[in-house]
Structures are given as structure tokens and as C-alpha cells.
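Working notes, beginning with the structure itself.
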Amino acid sequence: MGVKEIATYFFFRFSVLLWSIKGIGLLFLVFIKSPYNFFKKGNWNDTPKNANDANLGVHGNVTLQRSKLKITYVANGKRGNPLMLCVHGFPECWYSWRFQLKEFSSKYWVVAINLPGYADSDKPSELANYTAERLIDNLAEVVEALGYEKGTIVAHDWGGALVWSFASLYSSMCDKVIIMNAPHSTALRKMFGTLKQYQKSWYMFFFQLPWLPEMLMGCCDLQMFNEFFRGEESGVKNLENMTEADVDVYKHALHSWEARKCALNYYRANIGNVSPQFIERLKKSSISCPLLLIWGTEDFALSLELAALSAKVSNLVSVEYVAGASHWVQQDNPEEVNKYMWKFLN
Ligand SMILES: *[C@@H]1O[C@H](CO)[C@@H](O)[C@H](O)[C@H]1NC(C)=O
Ligand SMILES: *[C@@H]1O[C@H](CO)[C@@H](O)[C@H](O)[C@H]1NC(C)=O
Ligand SMILES: *[C@@H]1O[C@H](CO)[C@@H](O)[C@H](O)[C@H]1NC(C)=O
């Protein structure tokens with residue numbers, strides 16, 4: 001271990017400690033505010049009405065060949081058309097692509113998956129199952145299991161973080177790639193050094209704790225999801241396109257403790273402890289297809305500079321900014337996002 005690795009290790013430990021105080025404080029405040037509601041839990045067994053909207057597509061699933069994982073999805077368009085694979089972020093599910101599923105079905109077979117651990121996709125139990133390296137291999141398996149050699153890959157947030165690497169390591173499987181509000185790992189590493197991004201990323205450190213983050217997300221009948229998707233801090237402009245009934249779909253996807261634990265494991269398995277072999281693998285590969293980065297400028301978790309820095313990783317990357325849109329860019333301003341997507345794809 002060199003000096004840099006040791007410094008990084010202590011910086012990471014210190015940050016977890018520091019921001020855990022904020023997380024625990026938040027949990028305590030929620031408890032004090034309504035101790036009677038704190039442990040309340042509604043009945044989330046039934047699929048919310050919005051998720052069963054037949055206009056969005058048909059529900060299906062595939063079993064991956066090597067990992068044996070079952071991955072569920074919703075698809076729209078004709079099977080056999082070029083594949084458009086849509087990969088959601090945290091704490092979401094296939095439903096994040098509700099404004100794209102139908103829109104792009106005229107030309108593509110649009111498949112919006114539930115990532116491993118999410119909704120009714122399989123939930124491998126070990127932390128090792130959630131390293132970016134594993135999850136990226138899983139994505140390659142999904143393309144194969146759907147019966148394709150390659151496709152157009154569209155991804156947001158955690159999905160986007162994975163697909164930045166997928167576009168390098170599995171470039172032969174990518175026709176074109178579209179990533180939304182997710183930075184390239186080198187850009188994020190650089191920006192962690194700035195106070196602004198460090199503060200915005202506080203929850204990534206708090207999520208390293210066991211149990212408490214699951215509890216914070218789940219307490220008071222999952223009310224944190226309302227803040228996340230519709231609260232003032234979320235920055236969402238078009239609340240009519242992000243209704244309470246929409247948020248119910250995300251609550252349902254992560255209503256079980258187990259699902260929330262899996263979703264949080266994406267942070268636990270990858271922040272502050274990336275395997276050096278994986279970094280070497282990434283360094284030896286490079287993006288070799290056109291990649292469009294779409295960025296909502298009012299992201300509460302990711303600073304704007306991350307977009308510009310990410311765009312510099314390859315001259316195949318272009319950027320479109322969606323002014324005023326929140327982190328949930330493809331749901332907040334689907335009109336503009338779909339316009340940029342078509343322009344890039346045609
Ligand atoms: C998976 O698909 C099969 C049919 O192909 C269906 O019978 C089963 O209910 C599906 N499972 C889930 C969890 O969607
Ligand atoms: C989960 O991780 C364990 C330990 O690395 C491994 O044996 C197992 O095959 C993994 N499961 C999946 C579905 O990848
Ligand atoms: C909100 O969603 C509807 C489709 O349900 C769409 O027509 C409208 O353009 C969306 N609003 C924005 C700002 O994109």
C-alpha cells in the first residue's frame with residue numbers, strides 16, 4: 001500500500017464517521033417528529049395500479065446463463081427490432097423509463113430491466129454480488145439472454161455508472177450508449193476533492209453503515225421516497241409527471257428490507273473499495289461507440305462540473321444539458337430528453 005492508498009483509506013473511514021452523524025441525526029428527527037408512525041408499514045404486497053399500465057409494455061423475465069439470476073423487465077415494441085436496453089438508478093426500477101418505453105418502440109424493442117436486487121429480480125445475498133465488475137457482467141448476460149449480440153444501452157444514475165464501464169469493457173455489445181445524470185468514475189474521483197461535491201455525496205458515506213440506511217428509507221411507511229422524488233430538495237419541476245401514484249411504484253419495488261439492503265449494497269460494494277484488478281481492466285479498455293450524456297442541470301446529488309469532466313474521457317462523448325431539470329431528468333422533462341435521444345439515434 002502506498003501513501004496515496006493509505007490516505008484514501010483514512011479519508012474514507014473518516015467520511016463515513018462524519019456523515020453517519022448526519023444520517024443518524026436525520027433518523028432521530030424523523031422518530032421524534034412522529035414516534036407513532038415511525039414503525040408503521042402499509043400493505044405493499046399488491047402491484048400499484050400505475051405499474052400495471054398495459055400501455056407501458058408487457059412484463060417478462062429472463063434467467064441469466066452464467067450467474068443463474070432471474071431478471072424481470074417490461075418491454076415495448078417488436079421483439080426482433082434493434083434492442084434498446086434501459087437500466088435504472090437508485091432507488092428506482094424499470095418504471096423510471098415510462099416515458100421512453102412507448103416513445104422508442106416504433107424503431108426498437110425497448111426493454112427496461114429491474115437490476116439485480118431490485119423489485120422482483122433475484123436478490124443475491126452476498127456483498128460480492130454487487131461489485132460493479134459483477135453487475136457489468138450481469139448486464140452482458142442480460143443482452144445475451146434476451147437473444148441479442150448488441151444493443152443501444154440507455155442508463156441513468158447507478159445504471160449510468162455501470163454503463164460507463166460497460167461501454168469500455170463490452171464495447172462490442174454497444175451500438176450506441178446514452179447515459180443520464182451519472183458521472184464517469186474518474187470524474188467523480190476528481191470531484192470528490194471539491195467541498196461542493198463532497199457535501200452533495202454525504203449519503204454515499206452514510207450508506208456504508210449497516211441497517212440504519214435501510215431503516216431510514218423504510219421508516220414511516222417509506223415516506224423518504226416522497227422527499228426523494230417529490231420533495232422540495234428533489235428539484236423536480238414537473239410534479240404532474242412525478243405523481244404520488246408514480247412514487248408508489250418505487251415504494252413497492254423497495255418495500256422489503258431485503259430489496260433495500262440489495263439496493264444499498266451497490267454503494268457498500270463499490271465506494272471506497274474498488275478492486276485494483278478492475279481498475280486495471282478498465283484502464284486497458286476504452287469507449288469505442290458514440291456516447292451521449294444527458295444532464296439535468298439541477299441535480300441535488302451531482303454537481304454540474306461532473307458532466308463536463310465526464311465528457312472529457314473520450315472524444316466519442318457528446319453532452320446535452322436539460323436546463324432546470326432535476327436528477328430524475330428523463331421523468332422530469334421527458335419531452336426534451338426524448339428529443340435529444342432521437343437526434344442522437346438518427
Ligand atoms: C417469468 O416468466 C414466466 C413466463 O415466461 C412467468 O410464468 C413467470 O410468472 C414470470 N415471473 C415473474 C416473477 O415475472
Ligand atoms: C455471489 O457471490 C458469491 C461469492 O463471490 C458467488 O459464489 C456467487 O456465484 C455469486 N452469485 C451470483 C448470482 O453472482
Ligand atoms: C409530462 O408527460 C406528458 C406525457 O404524459 C408529456 O406529454 C409532457 O410533455 C411531459 N412534460 C414535460 C415537461 O416533458
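The values are calculated or read from the model by the stated rules, or taken from the named source; none is laboratory data. What you see is a predicted model; the values in this text were computed from it and never measured. Ideal geometry is used to build each Cβ from the backbone, glycine not excepted, and the neighbour counts take in all protein chains shown.
List of remarks:
- VAL62 vs. criteria modelled with pLDDT of 95 or more, out of contact with any Ser or Thr (no Cβ under 9 Å at 6 or more places or on another chain) and either within 26 Å of GLN277 (Cα to Cα) or within 16 Å of ligand 2 (Cβ to nearest atom) (or both): no
- Residue in the stretch 93-101 that is over 20 Å from ASN50 (Cβ atoms), buried (at least 24 other Cβ atoms within 10 Å of the Cβ) and touching a helix residue (DSSP H, G or I) at 6+ places or on another chain (Cβ under 7 Å) present: no
- Residue among SER318, SER310, SER326, SER286 that alone is among the small types (Gly, Ala, Ser), in contact (Cβ under 8 Å) with a residue 24 or more places away in the chain and assigned to a strand (DSSP E or B): SER318
- Cβ-Cβ distances below 8 Å connect no pair with a first residue in the stretch 41-70 that is of a type in the set (Phe, Trp, Tyr), a second residue that is surrounded by fewer than 10 Cβ atoms within 10 Å (Cβ to Cβ), and a separation of six or more residues or different chains.
- Sole exception among (1) aliphatic (A, V, I, L, M); (2) in contact with a Leu (Cβ under 8 Å, 6 or more places away or on another chain); (3) within 16 Å of ligand 2 (Cβ to nearest atom) for ALA259, by number: (2)
- Within the stretch 225-245, considering residues that are over 17 Å from the mean Cα position of the chain (by Cα), touching a residue at least 60 places away in the same chain (Cβ under 8 Å) and not in a loop (DSSP other than H, G, I, E, B), the one farthest from PRO35 (Cα to Cα): ASN241
- Remark: pairs (first residue in the stretch 103-132, over 19 Å from ALA145 (Cβ atoms); second residue in a helix (DSSP H, G or I) and within 16 Å of ligand 3 (Cβ to nearest atom); Cβ separation under 6 Å; 6+ apart in sequence or on different chains) = GLU103/ASN338.
- Residues that are more than 16 Å from ligand 1 (Cβ to nearest atom) and either part of a strand (DSSP E or B) or surrounded by 23 or more Cβ atoms within 10 Å (Cβ to Cβ) (or both) within the stretch 110-129 comprise just one, VAL110.
- Within the option set TYR95, TYR9, being among the aromatic types (Phe, Trp, Tyr), away from ligand 2 (no atom under 16 Å from the Cβ), at negative phi and at pLDDT 95 or above holds for one residue only, TYR95.
- Restricting attention to the stretch 309-327, the residues that are within 20 Å of LYS200 (Cβ to Cβ) and among the aliphatic types (A, V, I, L, M) add up to 6.
Residue-by-condition table, conditions (1) within 16 Å of ligand 3 (Cβ to nearest atom); (2) in contact with a Ser or Thr (Cβ under 7 Å, 6 or more places away or on another chain):
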{"position": "GLN100", "(1), (2)": "yes, no"}
{"position": "SER105", "(1), (2)": "yes, no"}
{"position": "LEU115", "(1), (2)": "no, yes"}
{"position": "TYR118", "(1), (2)": "no, no"}
{"position": "SER125", "(1), (2)": "no, no"}
{"position": "ALA128", "(1), (2)": "no, no"}
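- Residue match in the stretch 134-146 (condition: at negative phi, part of a loop (DSSP other than H, G, I, E, B) and in contact with a strand residue (DSSP E or B) (Cβ under 9 Å, 6 or more places away or on another chain)): yes
- Selection of the stretch 98-124 for residues being within 15 Å of ligand 2 (Cβ to nearest atom) and among the basic types (Lys, Arg) yields only LYS123.
- Residue count for the stretch 234-280, restricted to those that are surrounded by fewer than 18 Cβ atoms within 10 Å (Cβ to Cβ) and within 17 Å of PRO116 (Cβ to Cβ): 3
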